[in-house]
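Working notes for the structure below.
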Amino acid sequence: QRAAAIDPELALTQENVLAVTQICHRLDGIPLAIELAAARIKIFSLEEIAARLGDRFTLLTKGSRTALPRHQTLRALIEWSDDLLSESERVLWRRLSVFIGGCTLEAAISVCADELLEREQILGLLSQLVDKSIVMVEEQGGTTRYRMLETIRQYAQEKLQRSGENDEVRRHCLVFFLAFADQATAQLLTVEQKKWFTELDSEYGNLRSALEWSIKNDPVHALRLAAALGQYWEVRGYISEGRTALERALQQAQDAPKAVRADGLRWQAKFTARQGDYVRAKEPLDESLELSRELGDKRGMARSLHTSGMVASLQGDYAAARVAYEAGFALLKETGDKRELAALTSSLGNVANYMGDYEIAQRYQEESVAIFRELGDKFGLFIALNNLGLALERQADHSAARRYYEESIATAYELGEKNLVAYALNGLAHLLYLEHDLAAANRNYRESLAVAVEIGEKRCIAYCLEGFAKTALQSGNAARTAHLLGSAEALRQAIGAPLIQAEQEELDQDLTNVRKQLGEKTFESLFAEGQVFTMEQAVDYALKEGQD
């Protein structure tokens, strides 16, 4: 509305609605800020304004000449508020700018208190900043958090950088959030895991900020923080982000203590392999194992061997995977680490499953499920339940498999992990497909796809497209199958997420069957059409045609 008052030909369209939304969001909905941004429509397009708002104070230089002087620029508006503060309030305000997405009182005290601001002062000063609308108070899950609008925070950040305190405050921030990450990581595989995942979610902006600063200024602590976040990244599905952060930290922290470096290398190798880059996973994995051997760290050696087995399994070398798993298992028997033993037991079960030893696989998975139940580790239990369901599925015991798949779905919902929910629903859908219950299979694929799209889990989206292709083939719609398989392959290539060997063998059978039904020339044409679908087009196609 404000921009159209300046340019009457401007209208909201499908092409510019994203830019308009970004502008309003980045300006926190502040009327004056939006008014000033609209005034720039004379010289910039909406898209250019959205792109330039990262340096909003340079862009929004002047407002209406008839406005009060303090309203002529966004900076003047905020500086007017700044002038009304005491010196102690100003100091706290600028120090609070290091927090992304807000902070707890504990964090504010730990990071901001020093000889200028005593710990006992912080709560009172925070309350005064709240009263003056500079800081806002929110409640998240029973915890009080303090945050600023992004516009206000960026202004305070400029003040912090000019004060000479920036590095000192950011180092305090790193120390606090490294301790927080260590504490959280220790609880992520216990009965308290749901609580700690929620807390990590709340502080993730701060953790990212601390990690980014430390990679440039304190690489050893950056590597410690990145390794501490490994489990969180894995469960949340932040594989690419985790890999990139670990690679950067490892490159900078060549002189890190051996134990810290070994831990970081293991997570780097795991994430690299999860993206299908198996060759590049080998070097960090070998180095992590050697460092743990030098330290005599049996648990670290076992974890490296476990990851080695995972990489071999993903490559289809199940014999090598079993050797690595068994070596790690023997080491863990000496350490008595029940959680790692349960995870390795489940991995041994997977290898047995892939090698066709289904009864052995079932026994391993039942043992793993029992240990995870005893430990109260819901995440580990979810994995083991799915693996047990798969072992039973391979034995054609669909009734038992379905019980465990359904329990895994319930466990995922209990954890509040949409990433896990998406995969659990996909597993049940595949079982229903095998039972020729296509209507129920499609319902579960749709639910899985909806969750995967919501959270941006592209690997699961590919699984769903392949699942819809299976039900289409079984329904006699070979053309739809070819389109969906083409879309799924294009997506997998784009994100670097190939199928494991057992999955690829099943898909190859589907490809053979659809080729026979369509003929090679027609199949290649339809498959190629599917490959050029965007992900959004492929999702729409799958959902539209997948109705019961």
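The values are calculated or read from the model by the stated rules, or taken from the named source; none is laboratory data. Owing to the predicted nature of the structure, the values given are computational and were not obtained by experimental measurement. We place every Cβ from the backbone using ideal geometry, glycine too, and count neighbours over all the protein chains shown. Heavy atoms of the whole protein, side chains included, go into the accessibility calculation; ligands, DNA and RNA do not. Shrake-Rupley method; radii C 1.70, N 1.55, O 1.52, S 1.80 Å.
Highlighted here are the helices (runs of 4 or more DSSP H) found entirely within region 291-356 that include at least 2 residues which are small (Gly, Ala, Ser) and surrounded by fewer than 18 Cβ atoms within 10 Å (Cβ to Cβ): 318-335.
Looking at Leu265, Leu229, can you tell me which residue is under 29 Å from Val111 (Cα atoms), open to solvent by less than 20 Å² (accessible area, probe 1.4 Å), out of contact with any Lys or Arg (no Cβ under 7 Å at 6 or more places or on another chain) and modelled with pLDDT of 95 or more?
Working: Leu265 fails: under 29 Å from Val111 (Cα atoms).
Being under 29 Å from Val111 (Cα atoms), open to solvent by less than 20 Å² (accessible area, probe 1.4 Å), out of contact with any Lys or Arg (no Cβ under 7 Å at 6 or more places or on another chain) and modelled with pLDDT of 95 or more holds for just one of Leu265, Leu229, which is Leu229.
Elements of the type helices (runs of 4 or more DSSP H) sitting completely within region 156-262 and holding at least 1 residues that are touching a residue at least 40 places away in the same chain (Cβ under 8 Å) and within 30 Å of Leu420 (Cα to Cα): these cover 166-187, 193-202, 204-217, 219-228, 230-236.
Tell me, yes or no, whether region 120-128 has at least one residue that is in contact with a strand residue (DSSP E or B) (Cβ under 7 Å, 6 or more places away or on another chain) and assigned to a helix (DSSP H, G or I). Yes, there is a match, as at least one residue in region 120-128 is in contact with a strand residue (DSSP E or B) (Cβ under 7 Å, 6 or more places away or on another chain) and assigned to a helix (DSSP H, G or I). Filtered by the rule that a residue be free of Cβ contacts under 8 Å to residues at least 24 places away in the same chain, closer than 26 Å to Asp201 by Cα and assigned to a helix (DSSP H, G or I), region 87-118 gives Glu106, Ile109. With respect to being within 26 Å of Asp28 (Cα to Cα) and in contact (Cβ under 8 Å) with a residue 40 or more places away in the chain, Gly142 falls outside the description. The residues of region 459-493 that are small (Gly, Ala, Ser) and either outside any helix (DSSP H, G or I) or free of Cβ contacts under 8 Å to residues at least 24 places away in the same chain (or both), listed by number, are Ser475, Gly476. Residues of region 373-394 that are more than 19 Å from Leu432 (Cβ to Cβ), assigned to a helix (DSSP H, G or I) and charged (D, E, K, R): Arg373, Glu374, Lys378. I need the full set of residues from region 425-458 which are out of contact with any Phe, Trp or Tyr (no Cβ under 7 Å at 6 or more places or on another chain), closer than 22 Å to Lys194 by Cβ and touching a residue at least 12 places away in the same chain (Cβ under 8 Å), in order please. Scanning region 425-458 gives Leu425, Glu447, Ser448, Val451, Ala452, Glu454, Ile455, Glu457. Could you check region 279-290 and list, in sequence order, the residues that are open to solvent by 60 Å² or more (accessible area, probe 1.4 Å) and in contact with a Leu (Cβ under 7 Å, 6 or more places away or on another chain)? Within region 279-290, just Glu287 meets the criteria. Filtered by the rule that a residue be of a type in the set (A, V, I, L, M) and part of a helix (DSSP H, G or I), region 395-407 gives Ala400, Ala401.
Just so you know, in region 500-548 the residues that are open to solvent by 90 Å² or more (accessible area, probe 1.4 Å) and outside any helix (DSSP H, G or I) include one that is nearest to Leu314 (Cα to Cα), and it is Val532.
Which helices (runs of 4 or more DSSP H) sit wholly inside region 1-75 and have at least 2 residues that are under 17 Å from Glu150 (Cα atoms) and at pLDDT 80 or above?
Answer list for region 1-75: 17-26, 46-52.
Tally time: how many residues in region 170-181 are crowded, with 19+ Cβ neighbours inside 10 Å and β-branched (Val, Ile, Thr)? Of the residues in region 170-181, 0 are crowded, with 19+ Cβ neighbours inside 10 Å and β-branched (Val, Ile, Thr). The residue list Ala412, Ala429, Ala424, Ala440 contains one member that is modelled with pLDDT of 95 or more and surrounded by 20 or more Cβ atoms within 10 Å (Cβ to Cβ), which is Ala429.
Considering each residue of region 128-139 in turn, at least one proves to be closer than 11 Å to Leu92 by Cα, of a type outside the set (Asp, Glu) and more than 32 Å from the chain's Cα centre (by Cα).
Among the residues of region 182-215, those identified as buried (at least 20 other Cβ atoms within 10 Å of the Cβ) and over 16 Å from the mean Cα position of the chain (by Cα) are Ala184, Leu189, Gln193, Ala210, Ser214, Ile215. For region 446-455, does any single residue satisfy the condition of being surrounded by fewer than 18 Cβ atoms within 10 Å (Cβ to Cβ), at negative phi and not β-branched (Val, Ile, Thr)? For region 446-455, residues surrounded by fewer than 18 Cβ atoms within 10 Å (Cβ to Cβ), at negative phi and not β-branched (Val, Ile, Thr): present.
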